[in-house]
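Asks: Before I ask anything, let me first share the structure, which is written out below as C-alpha cells.
The values are calculated or read from the model by the stated rules, or taken from the named source; none is laboratory data. Predicted, not measured: the structure shown is a model, and the values here were computed from it. Don't worry about glycine lacking a Cβ; one is built from the backbone with ideal geometry, like all the others, and counts go over all protein chains shown.
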Amino acid sequence: MFKNGVSGTVGGNDQTWFLDAKMHRRMLCVLAIWVFLFAQRSTVLAQTTLNVTNFGAIGDAVQFWVNTTSNSAVVTTTNPIPNSAIGDAIEVFQAGMQTYGVNSYGTNAYGNQDLIATITGISQSTNITISTLVSNTLRWTFATYGHDNRVAISNCIAAVGNSTNATITIPAGTYLFLTGTNVTPDIYASLVLTNGGITFTGAGPARTTLLAQGAWTLKTDFNNTDWPTRGELFEENPPMNNAYPVVFENMTLDGGVPQANSSIHGEYANAVDGMGGTPRTTPF
C-alpha cells in the first residue's frame with residue numbers, strides 16, 4: 001500500500017503517515033552525522049594520561065658551585081660528579097664571553113655572560129671537562145648540570161594531540177630545561193603550548209621541580225639585535241587551538257638562579273651584567 005514508505009498509527013487512531021524514500025534517506029544521513037560528531041566529542045573528552053619518563057625525560061639536575069680558569073675547558077668542584085653526567089648540559093654563571101657597556105647601575109663597565117656547555121669528561125669525580133673554553137677566572141661560582149628535558153617533554157606535549165582532557169605526569173626529580181624555540185623576537189621558550197586542556201601534575205612541590213635555564217646569554221633576534229636571554233619554561237603561542245585551561249599542580253617552577261633579584265628590576269636582563277629580568281621560584 002505504501003510503496004517506498006513507512007506506515008504507522010498516531011495516538012491510537014487509524015490515521016496513517018507516510019515517509020517517502022527521499023525523506024527517509026535524509027533522516028538516516030542526519031542520524032549518521034550526529035553519531036559521528038558524538039563519537040568525535042567523546043574522543044576529545046576522553047582522558048589521556050602520559051608520563052614524561054616514557055618520552056626520555058630525566059629529573060637529574062643538580063645546582064652546585066665550581067672554580068674556573070680563563071681559557072681552560074676544565075672546571076673543578078668539591079661535589080663528586082658521577083660519570084653518568086657526561087653528555088649533560090652545564091651552566092656556569094659569569095664564565096662566558098666578555099661584555100662591555102652600560103651596566104645596571106648606569107656605569108660603563110666590563111662584564112661576562114653566563115656560559116652554557118656540555119660535559120664531555122669527568123676525572124677523579126671533581127674535575128669536569130666541558131665543550132667550551134671558560135672566559136673568566138672565578139672561585140665558587142654558581143653552576144647547574146643535568147639532562148636537558150626540552151625535547152623529551154615537548155614530544156610528550158605533542159603526543160596529547162587534540163585531547164582536551166589530558167594529564168601529563170612528572171615524577172619526583174629536578175628537570176632542567178634549556179632555552180629553545182624563538183617564539184617572539186625576544187622570547188626563547190623551552191616549551192611552547194598551542195593547546196589547552198592539559199594538567200601537568202608532579203609528585204609534590206618539594207619533590208618535582210621544573211628548572212629553567214637561569215644562565216643568561218646574548219641571543220640575536222629577528223632584527224639582528226642581541227638580547228640578554230634567560231630561560232622561560234612555558235610560552236603560549238597564539239592562536240591557541242582551544243580555550244581549555246592549562247593547569248600546573250604538585251610541583252615547583254624554578255627560575256634557575258641562585259637568588260631572585262630584589263633590587264634591579266626590568267622586563268629584560270642587562271646586556272652587560274645580566275641583572276634584571278630575574279625569574280622567580282613558584283611552588284604549586
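Asks: Would you confirm whether or not the range 93-108 contains a residue that is of a type in the set (A, V, I, L, M) and touching a Gly at 6+ places or on another chain (Cβ under 7 Å)? Before the answer, list the steps.
Replies: Applying the first criterion (of a type in the set (A, V, I, L, M)) to the range 93-108 yields 95, 97, 102.
Restricting the remaining residues to those that are touching a Gly at 6+ places or on another chain (Cβ under 7 Å) gives none.
Scanning the range 93-108, I find no residue that is of a type in the set (A, V, I, L, M) and touching a Gly at 6+ places or on another chain (Cβ under 7 Å), so the answer is no.
Asks: Being of a type in the set (S, T, N, Q), surrounded by 13 or more Cβ atoms within 10 Å (Cβ to Cβ) and either in the same structural domain as T167 (by TED's automatic domain parsing) or modelled with pLDDT under 50 (or both), is that true of even one residue in the range 11-32?
Replies: Scanning the range 11-32, I find at least one residue that is of a type in the set (S, T, N, Q), surrounded by 13 or more Cβ atoms within 10 Å (Cβ to Cβ) and either in the same structural domain as T167 (by TED's automatic domain parsing) or modelled with pLDDT under 50 (or both), so the answer is yes.
Asks: Looking at N261, N241, which is the one that is farther than 22 Å from L193 by Cβ and either at pLDDT below 95 or not in a loop (DSSP other than H, G, I, E, B) (or both)?
Replies: After ruling out the rest, the residue left standing is N261.
Asks: Can you tell me how many residues in the range 171-184 are assigned to a strand (DSSP E or B) and modelled with pLDDT under 95?
Replies: The number of residues fulfilling the criteria is 4.
Asks: Report yes if some residue within the range 211-224 is free of Cβ contacts under 8 Å to residues at least 12 places away in the same chain and within 30 Å of G101 (Cβ to Cβ); otherwise report no.
Replies: Checking the range 211-224: at least one residue is free of Cβ contacts under 8 Å to residues at least 12 places away in the same chain and within 30 Å of G101 (Cβ to Cβ).
Asks: Here's another thing I want to ask about it. Test of understanding: among S135, S131, which residue is closer than 16 Å to T99 by Cα, surrounded by fewer than 21 Cβ atoms within 10 Å (Cβ to Cβ) and not assigned by TED's automatic domain parsing to the domain that holds L211?
Replies: S135
Asks: Return the only residue of I81, I119, I90, I128 being part of a strand (DSSP E or B), of a type in the set (A, V, I, L, M) and more than 23 Å from the chain's Cα centre (by Cα).
Replies: It is I128.
Asks: With a cut-off of at least 2 residues that are more than 29 Å from Q259 (Cβ to Cβ), in contact with a strand residue (DSSP E or B) (Cβ under 7 Å, 6 or more places away or on another chain) and among the aliphatic types (A, V, I, L, M), name the strands (runs of 3 or more DSSP E) lying wholly within the range 185-238.
Replies: none
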